[in-house]
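Just below is one structure, and these are the notes that go with it.
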Amino acid sequence: MATFAEQMLEKIENMLLGKSDVEFIEYNGVKVGKSDMTKLLQIRDKFKREVAIEQKFAKTGTPKIITRF
């Protein structure tokens, strides 16, 4: 089963490739359309990082929480 980040990444990449029948996605309460390539690329990069982190933790187990004071 795909995570939310994986699902969103797939939707965004399909929009960028012109393979999506969806005109807008909603992200943080803001609608982002197919024509707003800059914003779509920024959101895609965010979800790519999130998916990479999820995959890393799926391989290694629970994440380490590191804090700095």
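No lab work stands behind these numbers, since they all come straight from the coordinates. Quick caveat, the model's predicted, so the values are computed rather than measured. Cβ: placed from backbone, ideal geometry, glycine included. Neighbour counts: every protein chain shown.
For a quick check: sort 34, 19 by the number of other beta carbons within 10 angstrom, fewest at the front. It would help to have the intermediate numbers written out before the result.
Values: 34 14, 19 8.
Going from least to most buried by this count: 19, 34.
Expressed as a rounded percentage, what relative contact order does the chain have, with Cα pairs under 8 Å and six or more residues apart?
Working: 36 pairs, mean separation 20.3, N = 69.
Rounded, it is 29 percent for the chain.
Rounded to whole Hz and in sequence order, give me ³J(HN,Hα) for the stretch 21-38 from the Karplus expression 6.51 cos²θ - 1.76 cosθ + 1.60, θ = phi - 60°, writing x for Gly and Pro.
So the Karplus estimates, Gly and Pro as x, are 8, 8, 8, 9, 10, 10, 9, 6, x, 10, 7, 10, x, 4, 7, 8, 4, 4 Hz.
Considering the chain as a Gaussian network with a 10 Å cut-off on Cα pairs, which listed residue, 23, 50, 13, attains the greatest mean-square fluctuation?
23
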